[in-house]
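Trainee: Below is one structure. I have some questions about it.
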Amino acid sequence: MTSPATFYDVFRQQGISRRSFNKFCSLTAASLGLSPAFASEIAHAMETKRRTPVIWLNGLECTCCSESFIRSGHPLVSDVVLSMLSLDYSHVLMAAAGHQAEAALEETRREHAGEYILAVEGNPPLNEDGMFCIVGGRPFIEQLQEMAAGAKAVVAWGSCASNGCVQAAKPNPTQATPIHKVIKDKPIIKVPGCPPIAEVMTGVLTYMLTFDRIPPLDRLGRPKMFYGQRIHDKCYRRPHFDAGQFAEAWDDENSRKGYCLYKMGCRGPTTYNACSTVRWNDGVSFPIQSGHGCIGCSEENFWDNGPFYERLASVHTPLGVESNADKIGVATVGVIGAGIVAHAAASALQRARNPDNAAKTGAGE
């Protein structure tokens with residue numbers, strides 16, 4: 001197997017100008033939340049580093065992560081797959097099949113041991129010796145462990161790989177198990193979501209390929225640049241939450257006005273993801289904007305944290321106390337009312353202290 005060309009080599013082969021290459025590096029830095037100064041560092045990495053081999057495995061899953069990945073717009077998935085990395089194996093995206101595909105997998109494992117990134121979509125079932133998921137004639141758990149042994153890092157795509165998702169929901173008859181509970185001797189980057197946002201997936205790969213290191217992670221192993229804030233923090237309906245304005249039923253008048261969906265079961269206040277900032281379909285929308293509350297799909301055990309249409313018991317409110325949705329509006333009105341009374345009292349006191357000035361301004365009050 002020949003050594004993969006650099007990203008810039010591939011760009012030049014496609015007839016892309018230096019100007020366009022620099023523009024791409026600037027846009028990439030922006031998509032990763034980095035300052036413009038990092039554009040030159042990204043350009044240098046693209047010019048000098050060989051494309052990193054990537055192995056993409058599929059266990060128990062519905063392929064929604066692959067479907068999301070191929071719809072990335074910033075950067076385009078074609079640039080990621082054809083130029084930035086060397087996708088040596090993916091039985092969903094590769095043209096080869098059968099023995100030819102398995103031969104490519106084995107060649108990468110042998111020729112690039114310790115160099116390739118292992119991307120995993122789905123999870124392994126452990127019950128019945130792994131016989132609930134067979135790939136290439138053997139249990140997926142065997143393929144996963146074998147390929148992880150030679151990987152320099154593992155990316156857990158989606159909630160299936162990151163936390164088990166619906167397959168691991170109670171009673172979990174197949175004993176579907178998240179990747180980090182099976183692979184314990186490799187760095188694992190979790191990219192949860194059902195599925196993850198396309199630009200989040202390509203952004204994580206871009207960061208790793210550019211800087212040759214894993215991105216800063218939170219305590220659950222998720223990239224902070226995409227999972228560092230709650231959906232609630234940047235939700236465009238947040239002002240309605242703060243004002244105590246909620247939809248009380250689907251398609252009621254408050255729902256038509258775009259009021260907060262918290263009472264309808266929205267998990268935005270407890271879910272960390274980039275949905276309200278990056279959004280979906282090239283930034284067009286996200287579930288809450290489409291009128292449906294967040295179901296918290298990027299959080300652990302989200303499938304068992306239902307019912308999805310039952311509101312959370314309590315949340316931290318802007319008032320600095322624990323309160324449920326029924327109390328938020330009342331408390332807000334109380335604060336406003338207290339402010340009005342305080343202002344009136346202060347005005348009366350001021351007039352009493354300065355009767356001459358009060359006489360001059362009284363007609364205008």
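The values are calculated or read from the model by the stated rules, or taken from the named source; none is laboratory data. As the structure is a computational prediction, the values presented were derived from the model and not from experiment. Every residue, glycine among them, receives a Cβ derived from its backbone with ideal geometry; neighbour counts consider all protein chains shown.
Trainee: Any residue in segment 108-122 that is at positive phi and in the same structural domain as R222 (by TED's automatic domain parsing)? Please lay out each step first, then the result.
Mentor: The initial filter retains those residues of segment 108-122 that are at positive phi, namely 114, 122.
Still in the list and also in the same structural domain as R222 (by TED's automatic domain parsing): 114, 122.
Within segment 108-122 (the criterion being at positive phi and in the same structural domain as R222 (by TED's automatic domain parsing)), the answer is yes, since at least one residue qualifies.
Trainee: Mind checking which residues of segment 201-243 are among the acidic types (D, E) and closer than 17 Å to F38 by Cα?
Mentor: Within segment 201-243, just D212 meets the criteria.
Trainee: Could you list, in sequence order, the residues of segment 113-142 that are modelled with pLDDT under 95, under 18 Å from H99 (Cα atoms) and outside any strand (DSSP E or B)?
Mentor: Across segment 113-142, the qualifying residues are G136, G137.
Trainee: Do you know which of the residues in segment 103-112 that are part of a helix (DSSP H, G or I) and of a type outside the set (G, A, S) is surrounded by the fewest Cβ atoms within 10 Å (Cβ to Cβ)? Before the answer, list the steps.
Mentor: Filtering segment 103-112 down to residues part of a helix (DSSP H, G or I) leaves 103-111.
Those still in the list that are of a type outside the set (G, A, S) too: 105-111.
Details: L105: 21, E106: 13, E107: 14, T108: 21, R109: 20, R110: 10, E111: 14.
If we take residues in segment 103-112 being part of a helix (DSSP H, G or I) and of a type outside the set (G, A, S), then R110 is surrounded by the fewest Cβ atoms within 10 Å (Cβ to Cβ).
Trainee: Failed condition for V120, given (1) surrounded by fewer than 20 Cβ atoms within 10 Å (Cβ to Cβ); (2) within 24 Å of the chain's Cα centre (by Cα), with all others met?
Mentor: Among (1) surrounded by fewer than 20 Cβ atoms within 10 Å (Cβ to Cβ); (2) within 24 Å of the chain's Cα centre (by Cα), the lone unmet condition for V120 is (1).
Trainee: Still on this structure: Looking only at segment 53-76, filter to residues that are outside any strand (DSSP E or B) and either modelled with pLDDT under 70 or acidic (D, E) (or both); which one of those is surrounded by the most Cβ atoms within 10 Å (Cβ to Cβ)?
Mentor: Pass one, segment 53-76, residues outside any strand (DSSP E or B): 59, 61-72, 74-75.
Now narrow it down to the ones that are either modelled with pLDDT under 70 or acidic (D, E) (or both): 61, 67, 74-75.
Values: E61: 25, E67: 12, H74: 17, P75: 19.
Selected residue: E61.
Trainee: Return the total of residues in segment 171-182 being part of a loop (DSSP other than H, G, I, E, B) and not β-branched (V, I, T). Step through it out loud before you land on a result.
Mentor: First, the residues of segment 171-182 that are part of a loop (DSSP other than H, G, I, E, B): 171-175, 177-178, 182.
When the remaining residues are screened for being not β-branched (V, I, T), the result is 171-173, 175, 178.
Qualifying residue count, segment 171-182: 5.
Trainee: Working only within segment 280-299, note down all residues that are at pLDDT 90 or above, under 15 Å from the mean Cα position of the chain (by Cα) and surrounded by fewer than 17 Cβ atoms within 10 Å (Cβ to Cβ).
Mentor: S285
Trainee: Another one. Hey, any hits in segment 134-147 for a residue that's out of contact with any helix residue (DSSP H, G or I) (no Cβ under 8 Å at 6 or more places or on another chain), more than 21 Å from P53 (Cα to Cα) and surrounded by fewer than 17 Cβ atoms within 10 Å (Cβ to Cβ)?
Mentor: Yes, segment 134-147 contains a residue that is out of contact with any helix residue (DSSP H, G or I) (no Cβ under 8 Å at 6 or more places or on another chain), more than 21 Å from P53 (Cα to Cα) and surrounded by fewer than 17 Cβ atoms within 10 Å (Cβ to Cβ).
Trainee: Here is a follow-up. Answer with yes or no whether N273 is in the same structural domain as C294 (by TED's automatic domain parsing), under 18 Å from the mean Cα position of the chain (by Cα) and among the polar types (S, T, N, Q).
Mentor: Numbers: in the same structural domain as C294 (by TED's automatic domain parsing): yes; under 18 Å from the mean Cα position of the chain (by Cα): yes; among the polar types (S, T, N, Q): yes.
So N273 passes the test.
Trainee: Report the residue count in segment 154-170 for those that are at pLDDT 95 or above and outside any helix (DSSP H, G or I).
Mentor: Residues meeting the conditions: 4.
Trainee: Out of D185, D251, which single residue is under 23 Å from F308 (Cβ atoms), without any contact (Cβ under 8 Å) to a residue 40 or more places away in the chain and either β-branched (V, I, T) or out of contact with any Phe, Trp or Tyr (no Cβ under 9 Å at 6 or more places or on another chain) (or both)?
Mentor: On the way: D185 fails: under 23 Å from F308 (Cβ atoms).
Answer to the selection: D251.
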